[in-house]
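Trainee: Dropping a structure here in structure tokens format, bear with me for questions.
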Amino acid sequence: MYKVRIHCRGGQGGRTAAKIIAVAAYKEGKEVQAFSIYGAERRGAPVQSFVRIADGPIYERGYITDPDCVLVLDASLLKTVNVTDGLDRNGTLMIVNATKPLKIKTKAKVVYVDVNSIAMKFLGVPIYNTTILGAFVKLTNIVKLKTMEAAIKVVLEKMPHAVEEKNVQAMKACYDVVKV
């Protein structure tokens, strides 16, 4: 089973990113779970979203405490949320939206991507969910790029203000800048 935990602030699209990852994995024949936790807080409050991907039935429930991959959409969360919780294994991956390396204590491989600049260029707003998925696809090989593109279109077609094509362009741009 592959487990993903997403850290963001309300309004940055972490919940939607989890749905998109789950739809992409489902389209490739995997079993999936996607869910988020957040309180009654408003936009800007910390949010966690989770995705489980497996070849067979998923019987595990609850929060993901031992993720294989952590996506951090807002680096300011590093000061207030323990985003490295459960990342004590070698071979785990953390993708952080940041312009430069930050001091993060973990055995996980940490990759920094300037997701903000890419999102602003293509979307014009600080919503990083679809953009960071490009890095996720390139670094994990859990789903194919074309499948992620299709999943973005499926999930975002239900959102009246989202422009699917711009989100796909942002995701591909992020995919292209990430070095493996």
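The values are calculated or read from the model by the stated rules, or taken from the named source; none is laboratory data. Just so you know, these numbers come straight off a predicted model, no measurement behind them. Cβ coordinates were reconstructed from backbone atoms using ideal geometry, including for glycine residues, and neighbour counts include every protein chain displayed.
Trainee: Quickly run through the stretch 103-150 and pick out the residues that are within 17 Å of G11 (Cβ to Cβ) and among the small types (G, A, S).
Mentor: A119, G124
Trainee: Additional query: Taking the stretch 55-85 as the region of interest, how many residues are of a type in the set (G, A, S) and over 17 Å from K103 (Cα atoms)?
Mentor: 2
Trainee: Looking only at the stretch 62-97, which residues are charged (D, E, K, R), loosely packed, with under 12 Cβ neighbours inside 10 Å and under 22 Å from G11 (Cβ atoms)?
Mentor: Residues of the stretch 62-97 charged (D, E, K, R): 66, 68, 74, 79, 85, 88-89.
If we keep only those that are loosely packed, with under 12 Cβ neighbours inside 10 Å as well, we get 79, 88.
K79 - this is the single residue of the stretch 62-97 that is charged (D, E, K, R), loosely packed, with under 12 Cβ neighbours inside 10 Å and under 22 Å from G11 (Cβ atoms).
Trainee: Let me ask something else about it. Of all residues in the stretch 125-147 being under 12 Å from the mean Cα position of the chain (by Cα) and closer than 18 Å to V32 by Cα, which is surrounded by the fewest Cβ atoms within 10 Å (Cβ to Cβ)?
Mentor: T140
Trainee: Do we have any residue at all in the stretch 102-115 that's in contact (Cβ under 8 Å) with a residue 24 or more places away in the chain and assigned to a helix (DSSP H, G or I)?
Mentor: Within the stretch 102-115, one or more residues are in contact (Cβ under 8 Å) with a residue 24 or more places away in the chain and assigned to a helix (DSSP H, G or I).
Trainee: Now for a different question. Scan the stretch 1-24 residue by residue and report those that are within 12 Å of the chain's Cα centre (by Cα), closer than 15 Å to I64 by Cα and in a strand (DSSP E or B).
Mentor: K3, V4, R5, I6, H7
Trainee: Among the residues of the stretch 30-76, which ones are under 21 Å from D88 (Cβ atoms) and part of a loop (DSSP other than H, G, I, E, B)?
Mentor: Within the stretch 30-76, E60, G62, Y63, I64, T65, D66, P67, D68 meet the criteria.
Trainee: So, in the stretch 157-180, exactly how many residues are in contact with a helix residue (DSSP H, G or I) (Cβ under 8 Å, 6 or more places away or on another chain) and part of a helix (DSSP H, G or I)?
Mentor: 13
Trainee: Another one. Going by the structure shown, is M120 out of contact with any strand residue (DSSP E or B) (no Cβ under 9 Å at 6 or more places or on another chain), crowded, with 20+ Cβ neighbours inside 10 Å and in a helix (DSSP H, G or I)?
Mentor: Considered against the rule, which asks whether it is out of contact with any strand residue (DSSP E or B) (no Cβ under 9 Å at 6 or more places or on another chain), crowded, with 20+ Cβ neighbours inside 10 Å and in a helix (DSSP H, G or I), M120 comes out as no.
Trainee: Next up: Can you tell me which residue within the stretch 26-61, out of those that are surrounded by 12 or more Cβ atoms within 10 Å (Cβ to Cβ) and aromatic (F, W, Y), is nearest to V155 (Cα to Cα)?
Mentor: By that ranking, first place goes to Y26.
Trainee: Among the residues of the stretch 124-153, write down those that are at pLDDT below 95, in contact with a Lys or Arg (Cβ under 9 Å, 6 or more places away or on another chain) and of a type in the set (A, V, I, L, M, F, W, C).
Mentor: Across the stretch 124-153, there are no qualifying residues.
Trainee: Now for a separate question. Touching a Phe, Trp or Tyr at 6+ places or on another chain (Cβ under 9 Å) and of a type outside the set (V, I, T): which single residue out of G10, G56 fits that description?
Mentor: Result: G10 is the single residue among G10, G56 that is touching a Phe, Trp or Tyr at 6+ places or on another chain (Cβ under 9 Å) and of a type outside the set (V, I, T).
Trainee: Taking K105 as meeting all but one of (1) within 20 Å of P126 (Cβ to Cβ); (2) more than 16 Å from the chain's Cα centre (by Cα), write down the number of the exception.
Mentor: (1)
Trainee: Pairs under 9 Å by beta carbon, first residue on the phi > 0 side of the Ramachandran plot in the stretch 75-98, partner acidic (D, E), six or more apart or different chains?
Mentor: Matching pairs, first to second residue: G86/D66; G91/D68.
Trainee: Please identify the pairs in which a residue from the stretch 152-180 that is more than 20 Å from Y112 (Cα to Cα) has its Cβ atom under 7 Å from the Cβ atom of a residue that is among the basic types (K, R) and crowded, with 19+ Cβ neighbours inside 10 Å, counting only partners at least 6 apart or on another chain.
Mentor: What qualifies is V155/K19.
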